[in-house]
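Engineer: I have a structure here, written as structure tokens, and I will follow up with some questions on it.
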Ligand code: NOJ
Ligand code: NOJ
């Protein structure tokens, strides 16, 4: 078939499958608009506009890093001046928070959240949280790759990464990578800010940050740093393997023993989120990994039981953080609920799994049934959020939204799932 005809055919099927997708282009624009409302002009991103009950009006390093990874991905695909401006504002914001005075006794790089003025949050909190610099570094490494492709190495060397050991010159990405490379062994708080210890989620994002960072270091002729990041990533990989539990045949969120909430078999949706955030090619674990599959299967079974709302959705149960969660979006010690982030992560998972089955030449029936799971999740999300505002949680009994309103991460998770749906269309 000639290339031209193939292109025409490809366009045709893209447009017909676009029609078949759960969210329409105008709806996707609305979701993006709601997300952008939380991105401030100084580069800070509020986790939610909610200033009380609960107060989420801060820039959480994790939420922002995950958000900017999506922006960098968009920019990679199509560098537009508008996205460029947002990413550069995030670079400036990152400089501010990396240089702001730390809380006594703590390293500012392990701080989970900042006031939108750029000052570090100084109330009591679970600190350090070491996934933040990894996620931020990863987002900006992606941005750097695209800039280098576009021959913009001056901006990269001046702001993102330079082969120097002087913190004033090395750039925001290298500062994050240095922190990750030197601190990944430290105990710290998990992404849910509750458990102190060694976490699969944190190690996975640290691993990917170092692997990608080593590539960037190579491109910028920083050979020693590249070697160091690779060496640490290998050691990290060994440490990640400790989370694969041969007894349960699933993945442990935190290595026991640890304080804080105790989770059945250390099950937690953070495992899946980590797998999704790790880029395909360099991830230590594919999405088809049997341990991951078992982890998701067990979580699905438990949540189907735990949340009565799931009687409505027996084939695609809404997902929460972990069985027995007691955070209701306002206080702990209550009844936990399904979350948009984690329900959307399930959609993304099935779409990407379907695409990988297809690539491996698996049976059409498996490819389609897996994709259909993803679609069911998207349809449920649409049904629960008809005005396309997404809060943090979904009440476990009646399906109304609760917790922080218009949560940045909820939109990001849903937009990622929608992209995955698009990519898995023929
Ligand atoms: C407890 C929750 O479980 C945690 O995830 C949250 O970040 C804090 N409270 C603050 O709201
Ligand atoms: C609570 C979540 O547990 C945490 O992961 C998140 O960073 C903050 N909320 C802000 O959205």
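Engineer: Since residue 357 meets every condition but one in (1) loosely packed, with under 14 Cβ neighbours inside 10 Å; (2) touching a helix residue (DSSP H, G or I) at 6+ places or on another chain (Cβ under 7 Å), which condition does it not meet?
Structural biologist: With (1) loosely packed, with under 14 Cβ neighbours inside 10 Å; (2) touching a helix residue (DSSP H, G or I) at 6+ places or on another chain (Cβ under 7 Å) applied to residue 357, the lone miss is (1).
Engineer: Which of (1) touching a residue at least 24 places away in the same chain (Cβ under 8 Å); (2) away from ligand 1 (no atom under 16 Å from the Cβ) is the odd one out, the single condition residue 196 does not satisfy?
Structural biologist: Tallying (1) touching a residue at least 24 places away in the same chain (Cβ under 8 Å); (2) away from ligand 1 (no atom under 16 Å from the Cβ), residue 196 fails exactly one: (2).
Engineer: Give 135, 148, 140 a once-over and let me know the one that is assigned to a helix (DSSP H, G or I) and closer than 24 Å to residue 321 by Cα.
Structural biologist: Answer to the check: 135.
Engineer: Then there is this: Which residue out of 83, 87 is away from ligand 2 (no atom under 16 Å from the Cβ), free of Cβ contacts under 8 Å to residues at least 40 places away in the same chain and buried (at least 17 other Cβ atoms within 10 Å of the Cβ)?
Structural biologist: 83
Engineer: What number of residues within the range 301-330 satisfy the criterion of being under 20 Å from the mean Cα position of the chain (by Cα) and more than 16 Å from ligand 1 (Cβ to nearest atom)?
Structural biologist: Residues meeting the conditions: 1.
Engineer: Look through the range 183-202, keep the residues that are in a helix (DSSP H, G or I) and crowded, with 24+ Cβ neighbours inside 10 Å, and return whichever of them is nearest to ligand 2 (Cβ to nearest atom).
Structural biologist: Among them, the one singled out is 201.
Engineer: May I ask you to list the residues in the range 331-340 that are crowded, with 24+ Cβ neighbours inside 10 Å and within 14 Å of ligand 1 (Cβ to nearest atom)?
Structural biologist: 337, 339
Engineer: Name the residues in the range 107-135 that are under 21 Å from the mean Cα position of the chain (by Cα) and within 13 Å of ligand 2 (Cβ to nearest atom), would you?
Structural biologist: 111, 112, 113, 114, 126, 127, 129, 131, 132, 135
Engineer: Related question: Kindly evaluate residue 383 against the criterion of being assigned to a helix (DSSP H, G or I) and out of contact with any helix residue (DSSP H, G or I) (no Cβ under 8 Å at 6 or more places or on another chain).
Structural biologist: yes
Engineer: Moving on. Would you check if there is a residue in the range 361-377 being part of a loop (DSSP other than H, G, I, E, B) and either within 16 Å of ligand 2 (Cβ to nearest atom) or modelled with pLDDT under 95 (or both)?
Structural biologist: No, the range 361-377 contains no residue that is part of a loop (DSSP other than H, G, I, E, B) and either within 16 Å of ligand 2 (Cβ to nearest atom) or modelled with pLDDT under 95 (or both).
Engineer: One residue is enough: does the range 60-79 have a residue meeting the conditions farther than 21 Å from residue 147 by Cβ, in contact with a helix residue (DSSP H, G or I) (Cβ under 6 Å, 6 or more places away or on another chain), assigned to a loop (DSSP other than H, G, I, E, B) and at pLDDT 95 or above?
Structural biologist: Scanning the range 60-79 turns up no residue that is farther than 21 Å from residue 147 by Cβ, in contact with a helix residue (DSSP H, G or I) (Cβ under 6 Å, 6 or more places away or on another chain), assigned to a loop (DSSP other than H, G, I, E, B) and at pLDDT 95 or above.
Engineer: Restricting to the range 296-323, name every residue that is under 15 Å from residue 192 (Cβ atoms) and in contact with a helix residue (DSSP H, G or I) (Cβ under 7 Å, 6 or more places away or on another chain).
Structural biologist: Within the range 296-323, 319, 320, 321, 323 qualify.
Engineer: While we're looking at this one, here's another question. Among the residues of the range 115-132, is there at least one that is modelled with pLDDT of 95 or more, out of contact with any strand residue (DSSP E or B) (no Cβ under 6 Å at 6 or more places or on another chain) and part of a helix (DSSP H, G or I)?
Structural biologist: Scanning the range 115-132 turns up at least one residue that is modelled with pLDDT of 95 or more, out of contact with any strand residue (DSSP E or B) (no Cβ under 6 Å at 6 or more places or on another chain) and part of a helix (DSSP H, G or I).
Engineer: Filter the range 248-295 for residues that are over 20 Å from the mean Cα position of the chain (by Cα), part of a helix (DSSP H, G or I) and in contact (Cβ under 8 Å) with a residue 60 or more places away in the chain and give the result.
Structural biologist: 264
Engineer: Something else now. Give me the residue from the range 35-55 that is out of contact with any strand residue (DSSP E or B) (no Cβ under 9 Å at 6 or more places or on another chain) and within 11 Å of ligand 2 (Cβ to nearest atom) and, out of that set, farthest from residue 192 (Cα to Cα).
Structural biologist: 50
Engineer: Only one of 293, 298 is touching a strand residue (DSSP E or B) at 6+ places or on another chain (Cβ under 8 Å) and away from ligand 2 (no atom under 16 Å from the Cβ). Can you tell me which?
Structural biologist: Just a single option satisfies the conditions, and that option is 298.
The values are calculated or read from the model by the stated rules, or taken from the named source; none is laboratory data. Owing to the predicted nature of the structure, the values given are computational and were not obtained by experimental measurement. Methodologically, a virtual Cβ is constructed for each residue, glycine included, from the backbone with ideal geometry; neighbour enumeration extends over all protein chains shown.
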